[in-house]
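Novice: Have a look at the structure that comes next, please.
Since every read-out is calculated from the coordinates, none of them should be taken as a lab result. All values derive from a computational prediction rather than experimental measurement. Here the Cβ positions follow ideal geometry from the backbone for every residue, glycine too, while neighbour counts run over all protein chains shown.
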Amino acid sequence: MTLSIKKKIVLWYTLWIVLLVSLVIIFFFSGSSYLMERRSRSLLTEKVHDAADEIESDDGVIEIDDDVKAFDEGVYIAVYDESGTLIYGRSPSSVSLHPFTEGRIETVDSDYSSWYVYDVVSWLSEDTAVHIRGAMRVQDMSIFYSSLETYAFLLALFLAILSSFGGYIIVSRSFRPADDVIRTAGEIAESKDLSKRIGLGDGNGEIHQMAAAFDKMLLRLEEAFEKERQFSNDASHELRTPISVILAECGYARTHMDDCEKMRESINAIENQATRMSRLVSMLLSIARSDKGTLQPKLSDVDISELAQIVLETMEEKADEKGVKLVSEISEGIHAEADQDMMMAVIINLLANAINYNREGGMAVLDVHESGNDVMINVRDNGIGISENDIRRIWDRFFQADSSRNTGGAGLGLPIVQILVNAHGGSVSVESQEGEGSIFSVRIPKKR
């Protein structure tokens with residue numbers, strides 16, 4: 001049977017408390033035994049030496065002071081003359097027959113008890129001496145232990161029950177937020193509603209931190225699913241248009257098989273739409289590779305200046321159609337370790353964006369120069385610019401700032417630029433003011 005975390009914690013907590021109590025009891029018993037034995041031995045020797053100090057001899061007559069007591073604080077005192085005759089005090093019968101052993105505490109066992117025996121010889125004069133014996137019953141610790149065993153067992157049992165009950169209450173209260181997390185997560189899983197949040201609120205505990213992390217993860221998942229759904233819808237829409245045109249042109253051409261001019265127009269229209277589809281599919285493939293982390297540039301030494309000049313010349317016809325003037329501010333001899341096709345796609349997309357979103361008589365400037373260990377590619381225009389609301393979304397796939405303009409694009413140009421630049425370890429940024437134009441800046445390292 002698998003125990004829950006709460007039950008495991010309570011179980012281990014209870015076992016730990018019982019172990020601590022057991023160790024304390026064992027330490028107490030062993031310490032008490034040692035201290036009692038030490039105290040008994042110390043008291044015995046003290047009483048015997050005190051008695052020796054109170055015995056004197058006057059012309060061979062032994063005089064024992066009244067301060068010497070035959071029994072005091074559990075110690076028997078007996079005084080013997082040199083012949084072994086008891087002259088004062090008393091001694092237990094089981095001890096009296098034990099031979100004298102001066103200066104050493106011995107243990108004497110009898111039928112019913114054990115005794116500590118301590119003997120000293122006190123010389124009262126050159127020819128007079130007495131033997132002083134002290135006897136003290138060994139305190140029977142077994143009786144003491146047996147009286148405490150029941151108490152110790154009951155104490156351990158009480159503490160085990162108390163710790164289990166108290167531990168369960170504490171753990172249950174501590175894990176209450178975790179129960180909320182489990183319940184909310186189950187509701188989200190059943191309803192498939194990623195907009196729900198656990199929402200434990202502020203807190204510094206680990207469970208609150210875990211719930212906050214779950215909420216952030218749910219937010220990211222919701223955004224990811226929403227982007228994927230929007231991406232699928234937009235991709236379908238963008239592909240549906242050229243497919244519809246191609247199908248329509250095929251039907252039109254079929255009805256005008258004998259008119260070469262109309263056939264040529266249909267073929268050109270089909271070719272244009274197929275080219276658009278091919279470009280769109282290529283962009284989608286690059287995006288998919290980027291998302292999977294498999295988009296790797298084929299690095300080589302690329303003359304960025306020459307590449308930019310070629311793109312600029314290629315885009316002149318498109319710019320003339322829009323009435324936009326292209327201006328070159330390209331420094332010569334700018335090289336970088338890059339993928340030539342990718343860098344060409346970056347410059348083409350940025351220039352196309354500057355032309356499409358410009359005004360008639362406007363200007364688009366392509367600037368290429370070095371900046372430390374980086375190559376800078378700037379495209380600026382004096383076109384319509386980008387609003388503050390749209391500037392945060394221009395990197396989103398299929399987003400078009402001015403949907404009313406028929407630019408022929410799919411809203412993938414700038415996201416592709418960002419993906420290709422990031423693949424080179426570079427960065428792209430934009431500065432824009434609505435009605436005055438925009439500046440797109442690309443920075444890539446010369447070498448990777």
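Novice: Listing Ser96, Ser42 from the residue with the fewest other Cβ atoms within 10 Å to the one with the most, what is the order?
Specialist: Ser42, Ser96
Novice: Let me ask something additional. For the stretch 5-143, state what percent of all Cα-Cα pairs lands in each successive 10 Å bin, counting from 0 Å until the bin that includes the largest distance.
Specialist: Percent of pairs per bin, in order: 11, 34, 22, 12, 8, 7, 4, 2, 0.
Novice: Sort Arg264, Arg359, Arg443 so the one with the fewest other Cβ atoms within 10 Å of its own Cβ comes first.
Specialist: Least to most surrounded, the residues fall as Arg264, Arg359, Arg443.
Novice: Taking θ as phi - 60°, what are the ³J(HN,Hα) couplings along the stretch 8-18 by the Karplus curve (6.51, -1.76, 1.60), each to the nearest whole Hz, with x for Gly and Pro?
Specialist: So the Karplus estimates, Gly and Pro as x, are 4, 5, 4, 4, 5, 4, 5, 4, 5, 5, 4 Hz.
Novice: Where the only charges are on Cβ atoms (+1 Lys, Arg; -1 Asp, Glu), what is the dipole of the stretch 5-143 about its Cα centre, to the nearest 20 debye?
Specialist: Dipole size: approximately 2180 debye.
Novice: What ranking of Lys196, Lys8, Lys298, Lys322 emerges when the number of other C-beta atoms within 10 Å of each C-beta is taken as an exposure proxy, fewest first?
Specialist: Neighbour counts put them in this order, fewest first: Lys298, Lys8, Lys196, Lys322.
Novice: Now, a different point. Return the sequence-ordered ³J(HN,Hα) values of the stretch 321-332 in whole Hz as given by the Karplus equation 6.51 cos²θ - 1.76 cosθ + 1.60 applied to θ = phi - 60°, using x for Gly and Pro.
Specialist: Computed from phi, the couplings for the stretch 321-332 are 4, 8, x, 10, 8, 9, 10, 9, 10, 9, 6, 7 Hz.
Novice: I need to check one value: relative contact order of the stretch 5-143, counting alpha carbon pairs closer than 8 Å and at least 6 residues apart, in percent.
Specialist: Relative contact order here is 23 percent.
Novice: Let me ask you something else. 5 Å is the cut-off here: which amide hydrogens, built 1.01 Å from N in the peptide plane, fall below it relative to Val138, excluding neighbours closer than 5 in sequence?
Specialist: Amide H to amide H, under 5 Å and 5 or more residues apart or across chains, Val138 pairs with Ser114, Trp115, Tyr116.
Novice: So which GluC sites (Glu not before Pro) in the stretch 23-126 are both in a DSSP loop and have at most 11 other Cβ atoms within 10 Å of their Cβ?
Specialist: Glu73, Glu82, Glu126
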